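The values are calculated or read from the model by the stated rules, or taken from the named source; none is laboratory data. None of the values given here were measured: they were computed from a predicted structure. As a convention, Cβ positions derive from the backbone with ideal geometry for all residues, glycine included, and neighbour counts pool all protein chains shown. Note: accessible area is taken over every heavy atom of the protein model, side chains too, but ligands, DNA and RNA are not part of it. Shrake-Rupley method; radii C 1.70, N 1.55, O 1.52, S 1.80 Å.
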Amino acid sequence: MRNFLLKALFVTAFILPLFAIAQLPEKALKKIDEAKEKFNNDEYDKSEKILTKLTKEYAWSGHIWDDLAKTHWAIWEQKKQSDQLLGSLNISIQDKNGKEKPGGDSLSKALSDLLKESAATKLAFKTFMNTCREGTLKSAAAANCSIYLRMNLIDEKADTDISDSAKREFNKAETQFGKKEYAKAIEYYLKALAIEPKYFKARLYLGDSYYASAQYATANKYYKEATEFKPKSCEAWKFLTDGLYYVGNYDEAMKAATEGVLLYPDINMFQKIEKIQKRKGKKFDRQWIERKMYPKMDKENLEQKVSDKDWKVYADALKEIKPYCNDLGIVTKSNSLTKGIYADVYAFEKMVNQSQTPEFDFAKQMMLKGNFDCYVLFSLYHYDLNGQYQNFKALNKDKLKEYITFLCN
């Protein structure tokens, strides 16, 4: 996703879909409008304060979490820009007579490097990411939170060895795309690809330019090529899903969406699958329920108190299995507790077996069908589970595909 498109999201960050407006009361909508006004005036701290309070009262609203995450993104960007200004300063080490000390160059370089990413910037980034983590823990609709986690913590870097000449053509194309001059953008993207045929982003965004020009067949051609060049790119699969959906090829769109969601169980991709299935006269239900604690296996998380009695069983089970796991929560040591290899599946199973809560009825059905692991790691995916999920997917991709088909009815 382009940086300028990410920034553009802030302009519409507080514009909610009709169903969200119907669910949120008038007083909450007024507060969102107030937060929008503060944001547009660059008063990010005030916007953050309003939205943080709203998340306490409406934790189920993914849109509020997304707005708060975008505010924290803006604060992080602000801190980064301040650091860049400081990092550009020339620092020299001098003695009391004003003469530069021997070795001053290395000391000044060390100080400059230190300033390039200050503690304040690192803290702002951590706050941003933790907001996204909490949003996806408490809401099934925090789509942008899910995207930000993927983009910043999971996605592989693309096009790291592209020539300067190709980059120049690409940047010209981006400028023209931003101006909605799609024909000119296409011209420059093609020039970039002529120089560097392996330029992934140029190929993907070339498809986007054709899409914006209503040349959908050509757009889908380049989207498909992008998935072939970089099959582990969620963005490429998303673009292809949208392109195929638009031309009414729902079966192929579903295949593309399935590949994308298996790479990373992105909330936005779940939404796309639901949309495709609706067009096909079917329904898709992820069967999501709120997690009452993070699944992370670190000491800080496991020492937190859990008030919910069911989730206390889950927390105790995670502590119980932890000595036999690696840092990701994958069971690597023989034990008498489980024959399984995923800490979260073990802990969730123990909780469900001891609970009479109706919200676990579907989980119990999945136990009987042999899909409990799919339910826990895929339907209830959270970023903190990514290591366990990726390991499970590598071993069970066909099973997951069958499970996705099962969720469509």
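Test residue 259 against the stated conditions and say whether it is at pLDDT 95 or above, among the acidic types (Asp, Glu), buried (at least 17 other Cβ atoms within 10 Å of the Cβ) and under 21 Å from residue 139 (Cβ atoms). Show your work before the answer.
On the way: at pLDDT 95 or above: yes; among the acidic types (Asp, Glu): yes; buried (at least 17 other Cβ atoms within 10 Å of the Cβ): yes; under 21 Å from residue 139 (Cβ atoms): no.
Criteria not met by residue 259.
Starting from residues that are assigned to a loop (DSSP other than H, G, I, E, B) and of a type in the set (S, T, N, Q), keep the ones in region 132-165 and report whichever is modelled with the lowest pLDDT.
Going through region 132-165, the residues assigned to a loop (DSSP other than H, G, I, E, B) turn out to be 139-142, 154-163.
Within this subset, residues satisfying the condition of being of a type in the set (S, T, N, Q) are 139, 160, 163.
Details: 139: 96, 160: 91, 163: 96.
Residue satisfying both the conditions and the ranking: 160.
So which residues in region 213-233 are assigned to a loop (DSSP other than H, G, I, E, B), closer than 26 Å to residue 403 by Cα and open to solvent by less than 60 Å² (accessible area, probe 1.4 Å), if there are any at all?
Taking region 213-233 as the starting set, the residues that turn out to be assigned to a loop (DSSP other than H, G, I, E, B) are 213-215, 230-233.
Applying the additional criterion that residues be closer than 26 Å to residue 403 by Cα yields 230-233.
If the condition is that a residue be assigned to a loop (DSSP other than H, G, I, E, B), closer than 26 Å to residue 403 by Cα and open to solvent by less than 60 Å² (accessible area, probe 1.4 Å), then 230, 233 are the ones that fit.
Criterion first (outside any loop (DSSP other than H, G, I, E, B) and in contact with a Ser or Thr (Cβ under 8 Å, 6 or more places away or on another chain)) does residue 210 satisfy it? Give the derivation first.
On the way: outside any loop (DSSP other than H, G, I, E, B): yes; in contact with a Ser or Thr (Cβ under 8 Å, 6 or more places away or on another chain): yes.
When the stated conditions are applied, residue 210 passes them.
Report, by residue number, each residue of region 234-280 that is basic (Lys, Arg) and assigned to a helix (DSSP H, G or I). Give the steps one after another, and end with the answer.
Restricting attention to region 234-280, the residues satisfying the condition of being basic (Lys, Arg) are 238, 255, 272, 275, 278-280.
238, 255, 272, 275, 278, 279 - these are the residues of region 234-280 that are basic (Lys, Arg) and assigned to a helix (DSSP H, G or I).
Being farther than 21 Å from residue 297 by Cα, hydroxyl-bearing (Ser, Thr, Tyr) and either open to solvent by less than 30 Å² (accessible area, probe 1.4 Å) or within 24 Å of the chain's Cα centre (by Cα) (or both) is the filter here; which residues of region 348-399 pass it?
Once the filter is applied, which keeps residues that are farther than 21 Å from residue 297 by Cα, hydroxyl-bearing (Ser, Thr, Tyr) and either open to solvent by less than 30 Å² (accessible area, probe 1.4 Å) or within 24 Å of the chain's Cα centre (by Cα) (or both), region 348-399 yields only 355.
State whether one or more residues within region 322-338 are touching a residue at least 40 places away in the same chain (Cβ under 8 Å), over 27 Å from the mean Cα position of the chain (by Cα) and open to solvent by 30 Å² or more (accessible area, probe 1.4 Å).
No; the residues of region 322-338 include none that is touching a residue at least 40 places away in the same chain (Cβ under 8 Å), over 27 Å from the mean Cα position of the chain (by Cα) and open to solvent by 30 Å² or more (accessible area, probe 1.4 Å).
Just to check your reading of the model, which residue among 281, 243 is of a type in the set (Gly, Ala, Ser) and open to solvent by 30 Å² or more (accessible area, probe 1.4 Å)? Before the answer, list the steps.
Numbers: 243 fails: open to solvent by 30 Å² or more (accessible area, probe 1.4 Å).
Answer to the check: 281.
Inspect all residues belonging to region 308-319 and state whether any of them is among the basic types (Lys, Arg) and modelled with pLDDT under 95. Step through it out loud before you land on a result.
So the first thing to find is which residues in region 308-319 are among the basic types (Lys, Arg), and the list is 309, 312, 319.
Pick out the ones that are also modelled with pLDDT under 95 and you get none.
Checked region 308-319: no residue is among the basic types (Lys, Arg) and modelled with pLDDT under 95.
Against the definition (over 27 Å from residue 271 (Cα atoms), β-branched (Val, Ile, Thr) and touching a helix residue (DSSP H, G or I) at 6+ places or on another chain (Cβ under 6 Å)), how does residue 306 come out, yes or no? Before the answer, list the steps.
Details: over 27 Å from residue 271 (Cα atoms): yes; β-branched (Val, Ile, Thr): yes; touching a helix residue (DSSP H, G or I) at 6+ places or on another chain (Cβ under 6 Å): yes.
For residue 306, the condition - over 27 Å from residue 271 (Cα atoms), β-branched (Val, Ile, Thr) and touching a helix residue (DSSP H, G or I) at 6+ places or on another chain (Cβ under 6 Å) - is met.
Has region 166-186 got at least one residue that is within 21 Å of residue 229 (Cα to Cα), open to solvent by 70 Å² or more (accessible area, probe 1.4 Å) and at pLDDT 95 or above?
yes
What's the number of the only condition in (1) free of Cβ contacts under 8 Å to residues at least 60 places away in the same chain; (2) touching a strand residue (DSSP E or B) at 6+ places or on another chain (Cβ under 6 Å); (3) of a type outside the set (Phe, Trp, Tyr) that residue 273 fails to meet?
(1)
Collect the residues in region 262-278 that are more than 16 Å from the chain's Cα centre (by Cα) and either open to solvent by less than 20 Å² (accessible area, probe 1.4 Å) or on the phi > 0 side of the Ramachandran plot (or both), keeping them in residue-number order.
Taking region 262-278 as the starting set, the residues that turn out to be more than 16 Å from the chain's Cα centre (by Cα) are 273-278.
Answer for region 262-278, where residues must be more than 16 Å from the chain's Cα centre (by Cα) and either open to solvent by less than 20 Å² (accessible area, probe 1.4 Å) or on the phi > 0 side of the Ramachandran plot (or both): 273, 276, 277.
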